[in-house]
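Only one structure is covered here, and it is reproduced in the block below.
The values are calculated or read from the model by the stated rules, or taken from the named source; none is laboratory data. Computed from a predicted model, the values in this text were never measured in an experiment. Virtual Cβ from ideal backbone geometry, glycine too; neighbours counted across all protein chains shown.
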Amino acid sequence: MSSPYAYEERIAIAAVRRACGLTSSVFETLIKNETLTKGDKSPVTVGDFAAQALISTVLHNVFPEDPIVGEEDASDLRVESGKEMRDRIVGLANDALKAPLAAGDDAAWGVGPGKELTANGILDAIDRGNHPGGPTGRMWTIDPIDGTKGFLRGEQYAVCLSLIVDAKVQVGVIGCPNLLIDPSQPEKGTGAIFSAVRGHGARQLTLEGTDPITLRIPPTTVENLKFLESVEAAHSSHSFNDRVTEVLGVKAAPVRMDSQAKYAALCRGEGGSYLRMPTGVGYREKIWDHAPGEVLVVEAGGVVTDSRGQALNFGLGRTLGENFGVIAAGKDIHPQVLAAVQAVQAEPKAKV
Ligand code: AMP
Ligand code: MG
C-alpha cells in the first residue's frame, strides 16, 4: 500500500538532510558570542535559527498553506543588539539554501544555486514558525536543534520535523548527525536520519537520506531493559527513574543521551524504554520535542503514553498541556514500566 504522505516524507527528509549539513558545519566554527540565552534560560545558537529558517523556507515553498509550529522566533534578531548574530544567521541560512541540489532535490523547493533570501526573508522564515497549534488541520513542527546543550557539548542533538494532521502525528523525521550509524560497528562512523509515516513503518536512512533499513524494537524484558534518559537532570527526573529501576529490578545503569536521539535509539533496541518524568511543577513539554519521536516509536512497534497511560495529546497547542511525563517503550515491556512508574508515584515522598 503506498503511503498517503510519501511526498511529505520525501520533502521532510530533504529538509532535515540539508539542515543537518548546516548544523554540522556550524558546530565546526561556532564561537562564543554565537549563543543567546532565552527567557526560559535555555541556550539557542546561530545554528538553531539558521536551521529553522532553512526548513521553514522549504516547507513554505512546497506547502504554502501549511502552518508551522517552530521552536524559535526572530524577535531578538530584529533589534539593533541582535545585528551581529543576525548577519551570521543570514549568512549560514543562505549558504545552506544555495548549496548544490542533491539527487532528488528540486529547485522549486527554494533550494540550490541562486536561492538566497534577503535578511528580512530569513527572519520572516524563522517567524513563520509562530503558529499556535491546535486540534484541527495540518501543521508542521520544527525543532531545528533539539538538545542544544548536547550540541554545544559535541554530543547528541537532533534536527526534528513532523507533520501533524488533526492532532495525530502522520510523519516524523529526526536527523542525528552525531549518532553512531551502527552501535555494534562504531568504525562505520556517525550520522543517520530516522523517518516514519503513520501506518507505514519506521526506517533508518543514511545522512544523505538513502538506503532505508526498517526499524523494529526488539523484544524487551526486565533482564535486558536499560532506561534511556536525558543528560540534563533539569529536564527529567533522574532520581524518579532510579526508583523505577529499583522497583522493576532492572540491573543495568541508564543510558543518558540528549535530544530525540533517545527515541531513535529506542527503535534500534538500545535501551528498551525512554522515561521522562517531570522535575517539578510548571514546565510543559513542547509538541516539537515529542511529535517525531512518537510516530517513530509507534511505527517501530512501541507504545508512547504519559504516566496515566494516556496517549500524548498533540492537539492542545504548542505544548502537550499539563505535564504527566512521557513513557516510551516496546509493546511487551510498556505495561510493566507504566505500572512501576505509577507505583513510584504512589509512594510517600521521601523526607528531606
Ligand atoms: P533532552 O535533550 O532530552 O534533555 O531534552 C531537550 C529538551 O528539553 C529541549 O528541547 C527543551 O525544550 C526541553 N526542556 C527544557 N526545560 C525543560 C524542563 N524543565 N523539563 C523538561 N524538558 C525541558
Ligand atoms: Mg527541543
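Would you say residue 161 is in a strand (DSSP E or B), touching a Pro at 6+ places or on another chain (Cβ under 7 Å) and surrounded by 17 or more Cβ atoms within 10 Å (Cβ to Cβ)? In short, yes. All conditions in (1) over 26 Å from residue 103 (Cβ atoms); (2) touching a strand residue (DSSP E or B) at 6+ places or on another chain (Cβ under 8 Å); (3) within 16 Å of ligand 1 (Cβ to nearest atom) hold for residue 158, with the sole exception of (1).
So is residue 98 in contact with a Ser or Thr (Cβ under 9 Å, 6 or more places away or on another chain), over 15 Å from residue 17 (Cβ atoms) and in contact (Cβ under 8 Å) with a residue 12 or more places away in the chain or not? Criteria not met by residue 98.
In the range 180-201, how many are surrounded by fewer than 22 Cβ atoms within 10 Å (Cβ to Cβ) and within 16 Å of ligand 1 (Cβ to nearest atom)?
Number satisfying all stated conditions: 0.
On the stretch given as the range 221-237, residues that are over 17 Å from residue 150 (Cα atoms) and within 12 Å of ligand 1 (Cβ to nearest atom) total 1.
Would you please name the residue that is farthest from residue 169 (Cα to Cα), looking only at residues in the range 299-311 that are touching a residue at least 24 places away in the same chain (Cβ under 8 Å) and buried (at least 17 other Cβ atoms within 10 Å of the Cβ)?
For the range 299-311, the residue satisfying everything is 307.
Can you spot a residue in the range 115-136 that is in a loop (DSSP other than H, G, I, E, B), at pLDDT 95 or above, within 16 Å of ligand 1 (Cβ to nearest atom) and buried (at least 17 other Cβ atoms within 10 Å of the Cβ)? Within the range 115-136, one or more residues are in a loop (DSSP other than H, G, I, E, B), at pLDDT 95 or above, within 16 Å of ligand 1 (Cβ to nearest atom) and buried (at least 17 other Cβ atoms within 10 Å of the Cβ). Residue 265 fulfils the conditions (1) within 15 Å of residue 299 (Cα to Cα); (2) within 16 Å of ligand 1 (Cβ to nearest atom); (3) in contact with a helix residue (DSSP H, G or I) (Cβ under 7 Å, 6 or more places away or on another chain) except for a single criterion, (3). Applying the condition of being within 29 Å of residue 165 (Cα to Cα) and among the acidic types (Asp, Glu) to the range 68-119 and asking which residue is farthest from ligand 2 (Cβ to nearest atom) yields 106.
Residues checked against (1) under 30 Å from residue 207 (Cα atoms); (2) more than 13 Å from ligand 1 (Cβ to nearest atom):
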residue: 255; (1), (2): yes, no
residue: 259; (1), (2): yes, no
residue: 270; (1), (2): yes, yes
residue: 274; (1), (2): yes, no
residue: 281; (1), (2): no, no
residue: 294; (1), (2): yes, yes
residue: 300; (1), (2): yes, yes
residue: 323; (1), (2): no, no
residue: 342; (1), (2): no, yes
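Residue 236 meets all of the listed conditions (1) more than 24 Å from residue 317 (Cα to Cα); (2) touching a Lys or Arg at 6+ places or on another chain (Cβ under 9 Å) but one, namely (1). When the test is whether a residue is β-branched (Val, Ile, Thr), surrounded by 22 or more Cβ atoms within 10 Å (Cβ to Cβ), more than 16 Å from ligand 2 (Cβ to nearest atom) and farther than 30 Å from residue 200 by Cβ, residue 58 does not pass it. Consider the range 207-218 and keep the residues that are touching a strand residue (DSSP E or B) at 6+ places or on another chain (Cβ under 7 Å) and part of a loop (DSSP other than H, G, I, E, B). The one that is surrounded by the fewest Cβ atoms within 10 Å (Cβ to Cβ) is 211.
Can you spot a residue in the range 6-14 that is over 25 Å from residue 208 (Cβ atoms) and in contact with a helix residue (DSSP H, G or I) (Cβ under 6 Å, 6 or more places away or on another chain)? No, because not a single residue in the range 6-14 is over 25 Å from residue 208 (Cβ atoms) and in contact with a helix residue (DSSP H, G or I) (Cβ under 6 Å, 6 or more places away or on another chain). The lone criterion from (1) away from ligand 1 (no atom under 16 Å from the Cβ); (2) touching a residue at least 12 places away in the same chain (Cβ under 8 Å); (3) part of a loop (DSSP other than H, G, I, E, B) left unmet by residue 204 is number (3).
Taking the range 265-293 as the range and being away from ligand 2 (no atom under 14 Å from the Cβ), surrounded by 21 or more Cβ atoms within 10 Å (Cβ to Cβ) and among the small types (Gly, Ala, Ser) as the test, the residues that pass are 265, 271, 272, 273. Out of the residues in the range 235-264 meeting the condition of being without any contact (Cβ under 8 Å) to a residue 60 or more places away in the chain, of a type outside the set (Gly, Ala, Ser) and part of a loop (DSSP other than H, G, I, E, B), tell me which one is farthest from ligand 2 (Cβ to nearest atom). Per the criteria, the residue is 251.
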